[in-house]
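In what follows, a structure is listed as structure tokens, so that the remarks can point back to it.
The values are calculated or read from the model by the stated rules, or taken from the named source; none is laboratory data. Predicted model, so just to flag it, every value in this text is computed and none were measured. Glycine also receives a Cβ, built like all others from the backbone with ideal geometry; neighbour counts cover every protein chain displayed.
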Amino acid sequence: MQQYDTVIVGAGPSGLECATILADEGQTVLVLDKNSDSINNDSNIGHKTCAGGITEKVFDLIPDNIYEIGFNNVSVTVKDRKTEFLRQSPKIITIDRVKYSQYLIDKAKKAGAEIRTETRVSQIKESFVIADGKEIAFKHLVGADGSLSIVRKYLGLKTEKKGIAFHYLVNKNFSDLEFFLDADLFSTGYAWIFPHKEFTSIGAYADIKDRLPKMLNENFHKWLNKKEIDVSGLKLYAAQIPYDYKGHEFGKIYLAGDAAGLASGLTAEGIYAAIISGKDIAGLILDKEYRTDGIDDLLRTKKAQEYLLNIFRHSGPLKNIGYNTLISLSKGSSTKKTLANILR
Ligand SMILES: Cc1cc2nc3c(=O)[nH]c(=O)nc-3n(C[C@H](O)[C@H](O)[C@H](O)COP(=O)(O)OP(=O)(O)OC[C@H]3O[C@@H](n4cnc5c(N)ncnc54)[C@H](O)[C@@H]3O)c2cc1C
């Protein structure tokens, strides 16, 4: 049986950041992913259902040749009232996830990690995984396998807190990056327009506690009709965003990124959490005394975000008024700072 110091399930940002550090430190590392790393393949790892937006805290973590468009002007529309937030430098940048994936794969390989794509992990046992019928032994196992993580299931962790998101990749250029809040349609969630160079991600997100997938889908299409955005003939992508964190270290098994439930339940942002947790898990594997400051900081932000989410959830028909009030207050410097800390 093949044996590695660390086997990582999932070659997304969390798995590959983790693999790079471990391999750099001389560990034998195997990353397994069910998808392909070939650029022209529809099932390329980088074709993850994602709007590809990153906020300021991520800018230094992703090289700028992967950036698509930077937005100094971000607008938020509550029902029909639009507010523009104009800044001197970009606050949100869209990235090319296929290029990003390629960059992460190259970096991990260069460090010495082995990456086996088109290889699905179907079972996990105490000291080995079964992938494409082969048993592969590990000393450490990292579940970096996203929202439907098989490693998380093996650990018996339920995922009650989760959102669902739908999006289309529209072949039309939109100039602005926009968010749309409308409690009647999306409850505590929102719709978005995230322009990239060659397409625009247009989607909607809501917590499943507030909108079941079928209803969110219907309301998303009502909103698209109202905005006169033509999506006929386009493929509708859907994916879950779990945010039910229940730990990241379970003996010799670790969880990172979406598998650990580290994405934001309020904004659905998860790339930052994936990078930070991947790095921290590598630190922990190398040294049990390692301080996971990145994950701790993420958890503090998540707590504040979920507090805000619950306030919105319980504000019933006053939600839109609440959103408008928050937007007006966000023009004041102290509220702006508090909000920036929560939404950062
Ligand atoms: C519609 C939508 C829009 C989003 N927009 C944004 C955004 O604008 N900004 C942002 O920051 N975040 C966004 N997110 C969230 C973000 O995409 C995720 O949080 C991030 O990709 C998580 O990274 P990860 O490494 O944890 O997992 P993933 O990127 O999901 O990678 C997991 C990998 O594991 C592999 N895998 C899964 N199961 C197995 C198995 N059994 N065997 C082998 N391989 C397996 C998968 O193929 C995949 O490559 C969005 C999510 C959705 C659904």
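Annotations
- Checklist (1) closer than 27 Å to Y190 by Cβ; (2) surrounded by fewer than 22 Cβ atoms within 10 Å (Cβ to Cβ) applied to R291, failing item: (1)
- Here G70 clears all of (1) touching a strand residue (DSSP E or B) at 6+ places or on another chain (Cβ under 7 Å); (2) crowded, with 20+ Cβ neighbours inside 10 Å except the condition numbered (2).
- Search result, residues across the range 53-91 that are under 18 Å from the mean Cα position of the chain (by Cα) and either farther than 17 Å from E17 by Cβ or assigned to a strand (DSSP E or B) (or both): G53, I54, T55, E56, Y67, E68, K91
- In the range 196-236, the residues that are in contact with a strand residue (DSSP E or B) (Cβ under 7 Å, 6 or more places away or on another chain), under 21 Å from N173 (Cα atoms) and either in a loop (DSSP other than H, G, I, E, B) or not aliphatic (A, V, I, L, M) (or both): H196, K197, F199, T200, S201, G203, F220, W223, I229, V231, L234, L236
- Some residue of the range 35-51 being more than 10 Å from the ligand (Cβ to nearest atom) and either within 24 Å of L298 (Cβ to Cβ) or crowded, with 22+ Cβ neighbours inside 10 Å (or both): no
- Number of the condition not met by K109 [criteria: (1) free of Cβ contacts under 8 Å to residues at least 24 places away in the same chain; (2) out of contact with any strand residue (DSSP E or B) (no Cβ under 9 Å at 6 or more places or on another chain)]: (2)
- Residue within the range 245-265 that is over 25 Å from I311 (Cα atoms), part of a helix (DSSP H, G or I) and within 16 Å of the chain's Cα centre (by Cα) present: yes
Residue by residue, here is whether (1) on the phi > 0 side of the Ramachandran plot; (2) surrounded by fewer than 20 Cβ atoms within 10 Å (Cβ to Cβ); (3) at pLDDT 95 or above holds:
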site: L104; (1), (2), (3): no, no, yes
site: G112; (1), (2), (3): yes, yes, yes
site: I115; (1), (2), (3): no, no, yes
site: R120; (1), (2), (3): no, yes, yes
site: S127; (1), (2), (3): no, yes, yes
site: G133; (1), (2), (3): yes, yes, no
site: D145; (1), (2), (3): no, no, yes
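- Candidates are the residues of the range 92-106 that are part of a helix (DSSP H, G or I) and hydroxyl-bearing (S, T, Y); the one that is farthest from the ligand (Cβ to nearest atom) is Y103.
- Candidate set from the range 147-173 (those that are surrounded by fewer than 16 Cβ atoms within 10 Å (Cβ to Cβ) and either more than 12 Å from the ligand (Cβ to nearest atom) or at pLDDT below 95 (or both)); member that is farthest from L86 (Cα to Cα): G156
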